[in-house]
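The values are calculated or read from the model by the stated rules, or taken from the named source; none is laboratory data. A quick note: this is a predicted structure, and the numbers were derived from the prediction, not measured. Cβ sites come from the backbone with ideal geometry, for glycine too, and all protein chains shown count toward neighbours. The area values use the complete protein model at the heavy-atom level, side chains included, leaving out ligands, DNA and RNA. Shrake-Rupley method; radii C 1.70, N 1.55, O 1.52, S 1.80 Å.
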Amino acid sequence: GVMFVLLIIAGLGVVTLLVILFAPHIRRYAAGAVCKSTARLDGKTVLITGANTGIGKETALDLAVRGARVIMACRDVEKGEEAAASIRAVYSEAKVEVRELDLADTCSIRAFAQKFLREVNHLHILINNAGVMMCPYTKTIDGFEMHIGVNHLGHFLLTYLLIGLLKRSAPARVVVVSSLAHNFGWIRFHDLHSQGSYNSGLAYCQSKLANVLFARELARRLKGTNVTVNSVHPGTVNSDLTRHSTLMMILFTVLSVFLKTPLEGAQTSVYCAVAEELHSVSGKHFSDCAPAFVAPQGRSEETASKLWDVSCELLGIDWD
């Protein structure tokens, strides 16, 4: 028995030593691809949800440095203003502004869009970036399960309300931040809001699959409008998305060498927003600044179309 325990300890020691020795190489591999495009965005207007932290904040900084006017839509305005100030500290000429948007409340989304449409006359890039992950079972103001409510339905409604402006501003782009987790997701039409049974991981995966399906279906419907839509997997990023799961936080801390920093995680979002070669690419999924594998359940036109109809029904909208 003692021998076994000693062997395990020795094994762990060796693994730890190897990780430390190879850390620089692992980091380089884990960092993934970098967006090489030098495209400028002068005179362009960008809207990013959840831009006060992590990937969203790094995306906002990158696009601001390219000359864009970046509107950071955040649930917590105070945190948003701190993020905007830190962007201006890095790049003093940054045109960043913060607006309040709570994706867990359709009234907040409608109020945000109404004000936005009154005050902003162009929208060239919409990045649906905000997200919740593995939170305990909670419902949005409208009674949707939190993951599907924020990650999918909130962004679905926001995009619906701004699609006219995007079309008028064309060429325009929509970037939907999804995840590799979509591979493990299924759209449970019989129980979309996990009322029968709830597993936070599965609810997250379902919402990320919904992101992929939404991007594909929206792209199909926007053919010929010069508005493109693509989804991205940012990579496994060491961001505060794991805040709801202690186990995940511990795992992410231990494995941080294998994870991307938010700056590295933002690269594919930036790539899909700016790369010249993507001007007419739509309905695709990207990871590490390159086209990526989509799970079969993410390629089903039938599921995509059904999810579209169900989403419209839940939100009380008619989006043809």
For the chain, set up a GNM with springs between Cα atoms under 10 Å and report which of 205, 272, 35 has the largest fluctuation. 35
The range 58-198 - Debye-derived log10 I(q)/I(0), Cα point model, q = 0.09, 0.10, 0.13, 0.15 Å⁻¹: -0.31, -0.38, -0.64, -0.84
What FRET efficiency comes out for residue 5 versus residue 302 if R0 is 45 angstrom and r is the Cβ-Cβ distance? Round to the nearest 0.05. 0.25
Of all the accessible heavy-atom surface of the range 37-315, with the other protein chains kept in place and a 1.4 Å probe, what percent is carbon and sulfur? 55
If one computes the Cα centroid of the range 96-158 and of the range 178-194, what distance in Å separates the two points? 19
What distance in nm separates the simple spin-label points at residue 195 and residue 226, each placed 7 Å from Cα in the Cβ direction? 4.6
In terms of modelled amide H atoms, which long-range or inter-chain residues lie less than 5 Å from the amide H of residue 235? 180
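Which semi-axis lengths, in whole Å and largest first, follow from the square roots of five times the eigenvalues of the Cα gyration tensor of the range 97-137? Can you show the working numbers first?
Values: eigenvalues 110, 36, 11 Å².
Computed over the range 97-137, the values are 23, 13, 8 Å.
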Sites residue 82 and residue 37, calculated FRET efficiency, Cβ-Cβ separation with R0 30 Å, nearest 0.05: 0.55
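Are any of the pairs 208/306; 57/95; 57/115; 260/306 more than 24 Å apart by Cα-Cα distance, and if so, which? Could the numbers behind the result be given before it?
Working: 208/306 16 Å; 57/95 14 Å; 57/115 22 Å; 260/306 34 Å.
In this structure, 260/306 exceed 24 Å between Cα atoms.
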Provide the per residue accessible area, probe 1.4 Å, for the chain, rounded to a whole number of square angstrom. 47
Step through the residues of the range 188-196 one at a time and calculate ³J(HN,Hα) from phi using the Karplus curve (6.51 cos²θ - 1.76 cosθ + 1.60, θ = phi - 60°), rounding each to whole Hz and writing x for Gly and Pro. 8, 4, 6, 7, 4, 9, 6, 7, x
Springs between alpha-carbon atoms under 10 Å, Gaussian network over the chain: tell me which of 126, 12, 165 tops the mean-square fluctuations. 12
Two-site label geometry, residue 141 and residue 312: point separation in nm, points 7 Å out along Cα→Cβ: 2.5
